[in-house]
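The values are calculated or read from the model by the stated rules, or taken from the named source; none is laboratory data. What you see is a predicted model, and the numbers here were worked out from it, not measured in a lab. Note that we place each Cβ from the backbone using ideal geometry, even for glycine, and neighbour counts take in every protein chain shown. Heavy atoms of the whole protein, side chains included, go into the accessibility calculation; ligands, DNA and RNA do not. Shrake-Rupley method; radii C 1.70, N 1.55, O 1.52, S 1.80 Å.
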Amino acid sequence: MQGELLQSNPSLDFKIKRDFALKSLNSLCYKPHIEETMKAETEKLASFLLSQRNVPHIQAILEPIFLRLIMFVVNGKLYSNDDANFHEIWKTFQINSQLLVSKWEDLKSISLFQSSVSYNFFQIRERSEIQMAYQRDIVNRHKDCFNPNIVSDLVDCSLVMLELNEDSGVLSQEDLDGIFVELCSSGNQPISATLAWLILYVSYFPDVQDKIYQELTSVMGIERSPRMSDQPHLPYTCAVILETQRLATVLPFMYPHMATEDTQFMGYKIPKDTAMLFNVWSLHHDAKHWKHPMKFDPDRFLEDGDLRIPDQYLPFGDGLRSCPGEGISDILLFLFSTNLLYYLRFDLQGKVDLEGEMMGYVLAPKPFSLTVTPRETVVIDIAAELGETLETSVCMIEDDVSFDDVLD
Ligand code: HEM
């Protein structure tokens, strides 16, 4: 299932797939229904955290939320928390990610033939096949009510591309299904780890958290919460997001790359087919480029009050294999961090460790406990403010489709 983009060679079909994923995700980012849905989810989350008051492991709460939102951008359906299909999909991705963890462990111990975790590969393959069939069913439902003038999600974008023959007939439906599933599964861990790091850092440095709150309320007052159009007026808050991504570097080695031909790099001979890892963590912590690199210092991204992003800042990679989800991640990170910090104050409970731990390719913070208290911005019940569920103009996928149905 995994690998339409991740494991392709930079061939023609890879370039077409990548171009499609990048252009479509970037154009969807700016659709009002996407922002509205994301913002409504931030408010639901703030309300949920307030109802808990004590939160033992925030990343575990964030992961399914981001998966649901990424799936909304891809398939146009926002699953509810208790949707049985969503739980199956979630389980499939978790199994795949555990498999990655074991591959990573193998890579570290250079024991390529042993895995510390034993897998039922038949079960993994079967789940992946079910998921592809389920995805195909979603695509077919889009085809049934396709209107090229109403493009609301990535599947719609693919139907427009095929209708205009923009792929010159290179991509099969299977290729596209693979891209949809891969995009759904790739972004959720790095993005939830990044937001968990941000919450950890601002709780660890309460003066930073207070400064963000002051900036937010000076721009918005206490009557309305932040939206994307506020971004240019919130340089300090944006600098905190950038500094979190630098210091945490959630994908420290990016994804493995492969030399497509014999090559020379800085005097080293690299034979064709050699696997390579890029140490972006080292770049982000190099004292040649960053003063006191281990210090959490958002001001390093500000110059005369404006944002300044150095060339050595590469959380999403660079070049042909850079992250196609960068645009959507920027929006999610901005909306979630600003809205949560607008409504809530986070305080750490007990001792914390700022070291982090590898989960597959992702460097996540170790679980930490938080106390959540309302800010004065919570003048009304946030949950009551959520309003009715947002309808998009696409024909929504029926709730009664199940993993079992697609197997028939
Ligand atoms: C804060 C969140 C994220 C971070 C830090 C991040 C970072 C990265 C990095 C560093 C790479 C590898 C670049 C390389 O190896 O050269 C990558 C690849 C990728 N990312 Fe993200 N990512 C994030 C969110 C997302 C999201 C939300 C999606 C999907 C909507 C996504 C989909 C992908 C895919 C499909 C690839 C593989 C691209 C390829 O192989 O050409 N990522 N990401």
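I need the phi-derived Karplus couplings for segment 138-145: 6.51 cos²θ - 1.76 cosθ + 1.60, θ = phi - 60°, integer Hz, Gly and Pro marked x.
4, 4, 4, 5, 5, 4, 4, 10
Would you compute, from DSSP H runs of 4+ residues alone, the mean residue ellipticity of the chain at 222 nm, taking -39500 (n - 2.57) per run and dividing by the full residue count, rounded to the nearest 500?
Value at 222 nm, helices only, nearest 500: -16500 deg cm²/dmol.
Would you mind getting the accessible area per residue of the chain, heavy atoms of the protein chains only, 1.4 Å probe, in Å²?
So the chain comes to 49 Å² accessible per residue, rounded to a whole number.
Around ARG227, what is the net charge, scoring Lys/Arg as +1 and Asp/Glu as -1 over all other residues with Cβ under 10 Å from its Cβ?
Local net charge: -1.
Relative contact order for segment 233-308: what percent, with Cα pairs under 8 Å and sequence separation of 6 or more?
Relative contact order comes out at 40 percent.
In percent, how large is the relative contact order of the chain, given Cα pairs closer than 8 Å and 6 or more residues apart?
29
Mind scanning LYS39/LYS77; LYS44/LYS77; LYS31/LYS91; LYS31/LYS77; LYS211/LYS295 and naming the pairs with a C-alpha gap bigger than 19 Å?
The answer is LYS31/LYS91.
For the charge dipole of segment 12-407, defined by +1 on Lys and Arg C-beta atoms and -1 on Asp and Glu C-beta atoms about the Cα centroid, which residue among SER51, MET220, LEU99 has the Cα displaced farthest towards the positive pole?
Result: LEU99.
I'd like the Karplus ³J(HN,Hα) series for segment 55-71: coefficients 6.51, -1.76, 1.60, θ = phi - 60°, whole numbers in Hz, and an x wherever there's a Gly or Pro.
Values per residue, Gly and Pro as x: 10, x, 7, 5, 4, 5, 7, 6, 4, x, 5, 5, 4, 4, 6, 5, 5 Hz.
How much of the accessible area of the chain, probe 1.4 Å, is carbon plus sulfur, in whole percent?
52
Given the options GLN245, GLN131, GLN52, state which has the largest fluctuation in a GNM of the chain using a 10 Å cut-off (strictly under) for Cα springs.
Its mean-square fluctuation being the largest, the pick is GLN52.
Using modelled amide H (1.01 Å from N, peptide plane; none on Pro or chain starts), what sits under 5 Å from the amide H of LEU370, excluding residues fewer than 5 places away?
Amide H neighbours of LEU370, under 5 Å, 5+ apart: VAL55, GLN349.
Suppose we flag chymotrypsin sites (Phe, Trp or Tyr not before Pro) only when DSSP calls them loop and at most 13 other Cβ atoms lie within 10 Å. Which is the longest uninterrupted stretch of the chain?
In the chain, the maximal stretch lacking such sites is 120-408.
Along the positive direction of the dipole of segment 12-407 (beta-carbon charges: Lys, Arg +1; Asp, Glu -1; about the Cα centre), which of PHE66, THR338, GLY360 reaches farthest?
GLY360
Indicate, rounded to the nearest 5 percent, the antiparallel portion of the DSSP beta bridges found entirely in the chain.
100
Hey, got the dipole for the chain? About the Cα centre, +1 on K and R Cβ, -1 on D and E Cβ, debye to the nearest 20?
The dipole magnitude comes to about 1300 debye.
Near the amide H of MET359, under 5 Å away, which other amide H atoms are found, from residues 5 or more places off or on another chain, if H is placed in the peptide plane?
When sequence neighbours closer than 5 places are left aside, the close amide H contacts are ALA364.
For the chain, set up a GNM with springs between Cα atoms under 10 Å and report which of HIS292, HIS33, HIS233 has the largest fluctuation.
Highest fluctuation of the listed residues: HIS292.
Roughly speaking, what % of Cα-Cα pairs in the chain are separated by over 31 Å, rounded to a whole number?
Roughly 41 percent, rounded to a whole number.
Non-local amide H neighbours of ARG345 (under 5 Å, H modeled in plane, Pro and chain starts lacking H): which ones?
Counting only residues 5 or more places away or on other chains, the set is THR373, ARG375.
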